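J.: After the structure tokens below, expect a handful of questions from me.
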Amino acid sequence: MPDVLVIYASKMGSTQEIAEAITAHLCVAGLSVDLYPAEDAPDPIGYRAVVLGSAVYLRRWRRPALRYLRRHTTTLRGLPVWLFQSGPCGEHDASEGIPTPRAVRRLIDRTDAFEPVTFGGRLDPARAAGALARWLSSSKELRGDFRDWVAIRGWARGIAGQLGAGEPHLAHEAGPWRP
Ligand SMILES: Cc1cc2nc3c(=O)[nH]c(=O)nc-3n(C[C@H](O)[C@H](O)[C@H](O)COP(=O)(O)O)c2cc1C
């Protein structure tokens, strides 16, 4: 059984790429990892930890991510669960975070997952899904790739450290671990 289950909910691909990068960093640290879109992700039973991330649309997480957390509440409560959300584009400094959506907050309370870390997102007219996405990505202020790969790597390394892999002295970067 692999160590970590990494799950993502993405519409235009950028959150998927973040999940892929996290997976790669965890593997480099010596952990074995399964990576799944939320709609196909297996039951977390047997994994040592779960990392789950969603893109943010209109201040909400993608439904498959919420559904997964809801469906597996009991199992997730017994595991360390790290969450991330990806969204802010333009001037917004993603490292300051964005409010945790209410539905996510309720699920954090039920699963004991860590507070989500926020990563910047990407708005690319070539990948825009839907009229609203095309309109937003036509704005010079919002268009672009705002993902901070150094921050993403630091977070993934911190998780590896908390799981006793890679460089444990980086463990603090992923927040405190509560058994
Ligand atoms: C219609 C639409 C609504 C969005 N709403 C938000 C939002 O409320 N908060 C936010 O931080 N980002 C928002 N974004 C930015 C997306 O979260 C960002 O583009 C993200 O990288 C998309 O992830 P994905 O490529 O994995 O689908 C929105 C983007 C679109 C197209």
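J.: When the Karplus curve 6.51 cos²θ - 1.76 cosθ + 1.60 is applied with θ = phi - 60°, which whole-Hz ³J(HN,Hα) does each residue of the stretch 134-146 get, with x for Gly and Pro?
T.: So the J values, rounded to whole Hz, are 5, 5, 4, 7, 7, 7, 4, 6, 9, 5, x, 10, 10.
J.: If you find the alpha carbon centre of the stretch 103-136 and of the stretch 16-54, how far apart are they in angstrom?
T.: Their Cα centres are 17 Å away from one another.
J.: Let me have the relative contact order for the stretch 1-125, percent, based on Cα pairs under 8 Å that are six or more residues apart.
T.: 25
J.: With the dipole of the chain worked out from charges on the C-beta (+1 for Lys and Arg, -1 for Asp and Glu) around the Cα centre, which of Leu132, Ala165, His92 lies farthest toward the positive end?
T.: Leu132
J.: Sum -39500 (n - 2.57) across every DSSP H segment of at least 4 residues in the chain, then divide by the residue count to get the 222 nm mean residue ellipticity, nearest 500.
T.: When only DSSP H runs of four or more count, the value is -10000 deg cm²/dmol.
J.: On to the next question. Tell me, what is the per residue accessible area of the chain in Å², probe radius 1.4 Å?
T.: Normalised by residue count, the accessible surface of the chain is 51 Å².
J.: Using alpha-carbon pairs under 8 Å, 6+ residues apart, how would you state the relative contact order of the stretch 1-59 in percent?
T.: For the stretch 1-59, the relative contact order is 52 percent.
J.: Name the most mobile residue of Thr75, Thr23, Thr15, meaning the one with the largest mean-square fluctuation, in a Gaussian network model of the chain with Cα contacts below 10 Å.
T.: Thr75
J.: Based on the Kirkwood radius over alpha-carbon pairs, what is the Stokes-Einstein translational diffusion coefficient of the stretch 1-157 at 4 °C with 1.567 mPa s viscosity, in µm²/s?
T.: 82
J.: Here's a follow-up. Name the most mobile residue of Ala103, Ala94, Ala126, meaning the one with the largest mean-square fluctuation, in a Gaussian network model of the chain with Cα contacts below 10 Å.
T.: Maximum among the listed residues: Ala126.
J.: Please find, in a Gaussian network model of the chain (springs between Cα atoms separated by less than 10 Å), the residue of Pro37, Pro88, Pro101 whose mean-square fluctuation is greatest.
T.: Result for the chain, Cα springs under 10 Å: Pro101 fluctuates most.
The values are calculated or read from the model by the stated rules, or taken from the named source; none is laboratory data. For clarity, every value in this text was computed on a predicted model and none was experimentally measured. Note: ideal-geometry Cβ built from the backbone for every residue, glycine included; neighbour counts use all protein chains shown. Accessible surface areas use protein heavy atoms only, side chains included; no ligands, DNA or RNA. Shrake-Rupley method; radii C 1.70, N 1.55, O 1.52, S 1.80 Å.
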